[in-house]
Amino acid sequence: MKRLSILTLAMVALAGFMAITVLAQDAHFMRCDSSVASNGTLSVSFRIAGLGGGASDTITAHTTATSTWGCLNGGQQCPNAANKFTSSEELTGSLAVTAGHNGSASGTISLSPATPTNFCPNGQRLVLISVTYGDVTLTNSATSDTCTTDGGSASFFPQCP
């Protein structure tokens, strides 16, 4: 009988702990923002709260990138030629985060346009002339909660026509 009572108390305590854990997990984004680095990479940062201490979730970022690539000669000029390449592509990246004891986590997801096959003649190098990222949507895989931020844009070689 004593053994049954201990087992019953253990089960009640476990059920109570599980109920508290479920109530604590109401994951939501506190913030999200993005910036374009000097190499054209988009960095999307976020903070998420309400995960529950030690809980893990996967955050996914999705955007569209339009990039223009060209050739740069030794004089740091882009020849006025038609050998430029512009593409538009969907980009997606994910990051697994684990909450600290306070139930929140933060992270940064980096996205970059694909570099095309080098089409520049000898003596010239392929460079990213400009890139524009559309709005970025972050999604929490566990709750489907989302956060949207402006993507951003940058021009790296203004001397290129």
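The values are calculated or read from the model by the stated rules, or taken from the named source; none is laboratory data. A quick note: this is a predicted structure, and the numbers were derived from the prediction, not measured. Note that each Cβ is placed from the backbone with ideal geometry, even for glycine, and that neighbours are counted across all protein chains shown. Each accessible area value is taken on the protein alone, full model and side chains, heavy atoms only, with ligands, DNA and RNA left out. Shrake-Rupley method; radii C 1.70, N 1.55, O 1.52, S 1.80 Å.
Tell me, which residue of region 40-49 that is at negative phi and of a type in the set (Gly, Ala, Ser) is modelled with the lowest pLDDT?
Checking each candidate, the answer is Ala49.
Considering region 50-88 alone, what residues qualify as being closer than 30 Å to Gly100 by Cβ and either modelled with pLDDT under 95 or not hydrophobic (A, V, I, L, M, F, W, C) (or both)?
Correct list: Gly50, Leu51, Gly52, Gly53, Gly54, Ala55, Ser56, Asp57, Thr58, Thr60, His62, Thr63.
Need at least 1 residues that are open to solvent by 30 Å² or more (accessible area, probe 1.4 Å) and among the acidic types (Asp, Glu) per element, so show me which strands (runs of 3 or more DSSP E) inside region 78-161 make the cut, counting only ones lying wholly within it.
Passing ranges, in order: 85-98.
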